[in-house]
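Below is one structure, written out as structure tokens; the observations come after it.
FYI, it's all coordinate maths here, none of it is from the lab. Everything numeric in this text was worked out from a predicted model, so none of it was measured. A quick note on method: Cβ atoms are made from the backbone with ideal geometry, for glycine too, and the neighbour counts reach across all protein chains shown.
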Amino acid sequence: MAAGTGIAKHALACATVAALAVTACGADREEPEGLGTETPAATDPAADPTGEATGNADATPGSDEDDVDPTAEPEASFTQPHLPTEEPSVIELDDELPVQPPGDVSDDEREVLEAAGRFMATWQAVLFGADAEHSRLYDTTTGVQLDRLTSLIDEMAEDEWVFVGEPMELEALSVSVGGGEAEADLCIGLPGWIEIRGGVGAPFGSVERYLISLWMEDGRWMVTDATSQDTAECDF
């Protein structure tokens, strides 16, 4: 399944993956925990840049600078922390990751999958090293799952822990909605992911599966829990 949006956005992160490959292959490390780590984490990062882009006053006619739209906002970018490389990994953090539905779905079910995709973009951003603000943590999750990710952010900062790789690939095995509650059973592909902890890299598992629980809060679907599942049915 193609990752859709985000492949080009993470080109530099992928170069970082290649640079870390030798270290990863030689690392003597225990198998890393799954995405739904029981040890949570949290912090508050700087907001996405919103300053207006401006043209170069010294640009000559016909140059690329003349084509800059002075009213356009720059694309949000984030520099990943804790990487043992000289070249910084500057990536775009996705607002939402596409979720492949399990066949035909209703409008309500599609809305749930879109909310799940926004939550997974938040989770991915946290794993890529983002804090609560950059990851839009409070826009996508609440309850026990919010507590987990808040704790995870703090733990990752303390342990100099970060992941690099291509954007997650998401496929829903099922989705259900009713009475202000919903669930989505997601297979999660992690193409080329490497876990870096304390400057040491190790390959990370390529597939995860989580049952995502949501409830309606102030007219918006929010994720309340994510429970690890067997990956046998995932076809990545």
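What order do you get for Phe128, Phe78 when you list them from fewest to most C-beta neighbours inside 10 Å?
The most exposed by this proxy come first: Phe78, Phe128.
Assuming 0.36 nm per residue, please report the length gained on full extension of the stretch Tyr138 to Glu86 beyond their Cα-Cα distance.
Numbers: separation 52, 0.36 × 52 = 18.72 nm, distance 3.24 nm.
Contour length minus the Cα-Cα distance gives 15.5 nm.
Decide, for segment 111-224, between rounded, prolate and oblate: order the square roots of the alpha carbon gyration tensor eigenvalues as a ≥ b ≥ c, take rounded if a/c falls under 1.5, and otherwise choose prolate if a/b is larger than b/c, else oblate.
Values: a/c = 2.65, a/b = 1.51, b/c = 1.75.
Judged from the Cα gyration tensor, segment 111-224 comes out oblate (a/c at least 1.5, b/c at or above a/b).
Using label points projected 7 Å from each Cα along Cα→Cβ, tell me how many nm separate Leu211 and Phe236, to one decimal.
So the two model labels end up 2.0 nm from each other.
Search the structure for amide H atoms under 5 Å from the amide H of Leu93, placed 1.01 Å from N in the peptide plane, and list their residues when 5 or more places away or on another chain.
HN-HN under 5 Å from Leu93: Phe78.
Which ordering of Ser174, Ser89 is given by a fewest-first count of other beta-carbon atoms within 10 Å?
Going from sparsest to densest Cβ surroundings: Ser174, Ser89.
What FRET efficiency would be calculated for the residue pair Arg110, Asp218, taking the C-beta separation as r and a Förster radius of 22 Å, to the nearest 0.05? Working shown, then result.
Numbers: r = 20 Å, r/R0 = 0.91.
E(calc), rounded to 0.05, equals 0.65.
Per 0.36 nm of contour for each residue apart, how much would the distance between Gln100 and Thr79 grow if the chain were fully extended, relative to their Cα-Cα spacing?
Stretched fully, the Gln100-Thr79 segment lengthens by 4.7 nm.
Which of Leu214, Leu97 has the fewest other C-beta atoms within 10 Å, and how do the rest follow up to the most?
Fewest to most other Cβ atoms nearby, the residues stand as Leu97, Leu214.
Could you give the length gained by full extension between Ser151 and Ser228, i.e. 0.36 nm per residue of separation minus their alpha carbon distance, to one decimal place?
Values: separation 77, 0.36 × 77 = 27.72 nm, distance 1.79 nm.
Net length gain for the segment: 25.9 nm.
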